[in-house]
Ligand SMILES: [Zn+2]
């Protein structure tokens, strides 16, 4: 299946993990980068799919999640970093990514996942100087819009 990539992004091998999402143009700080697209599924279905090794599921709220591995636009390749250059915001049921700082063409776009369906013991390999060592933040925080 051909991936319909969102404008300004490309998928390449990442030094962090597998493939990553890279900027093909300049995104000034605060600019919207993309929307997370994919199949809209229930939280129950998302827990059922959580057994897969590569997680491409993003929670929208307590009822709904989006599985980017089906019908995604490339943003589901975004890797986690403890020192990210992008953040996620949920607005009216849409998951949007914004530049946390200026992002230049060729830079990998990274996000602090904060909470995932991964185990809290899942190690982080982002390489940031302030890497916390695990992908999940152990104190649970919930995204709010
Ligand atoms: Zn890290």
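Exactly one residue among 112, 120 is touching a strand residue (DSSP E or B) at 6+ places or on another chain (Cβ under 7 Å), farther than 25 Å from residue 10 by Cβ and within 16 Å of the ligand (Cβ to nearest atom), and that residue is 120.
Evaluating residue 73 against the criteria (1) in contact (Cβ under 8 Å) with a residue 24 or more places away in the chain; (2) over 30 Å from residue 104 (Cβ atoms); (3) surrounded by 15 or more Cβ atoms within 10 Å (Cβ to Cβ); (4) out of contact with any strand residue (DSSP E or B) (no Cβ under 6 Å at 6 or more places or on another chain) leaves one unmet condition, (2). Picking from residues in region 31-52 that are at pLDDT 90 or above and in a loop (DSSP other than H, G, I, E, B), the one that is surrounded by the fewest Cβ atoms within 10 Å (Cβ to Cβ) is 31. Restricting attention to region 82-100, the residues that are part of a loop (DSSP other than H, G, I, E, B) and exposed (fewer than 13 other Cβ atoms within 10 Å of the Cβ) total 2.
Assessment of region 27-38 against the conditions (in contact (Cβ under 8 Å) with a residue 24 or more places away in the chain and more than 23 Å from residue 11 (Cα to Cα)) yields no matching residue. Only one of the listed residues (78, 88) is within 16 Å of the ligand (Cβ to nearest atom) and either at pLDDT below 95 or under 19 Å from residue 38 (Cβ atoms) (or both). That residue is 78.
Yes or no, residue by residue, for (1) closer than 16 Å to residue 6 by Cα; (2) more than 12 Å from the chain's Cα centre (by Cα):
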| site | (1), (2) |
| --- | --- |
| 29 | no, yes |
| 57 | no, no |
| 86 | yes, no |
| 91 | no, yes |
| 97 | yes, no |
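So is residue 137 more than 26 Å from residue 12 (Cβ to Cβ), at pLDDT below 95 and within 11 Å of the ligand (Cβ to nearest atom) or not? Yes, satisfied.
The values are calculated or read from the model by the stated rules, or taken from the named source; none is laboratory data. Nothing here was measured: the structure is a model prediction, and the numbers come from that model. Positions of Cβ are backbone-derived with ideal geometry, glycine not excepted, and every protein chain shown enters the neighbour counts.
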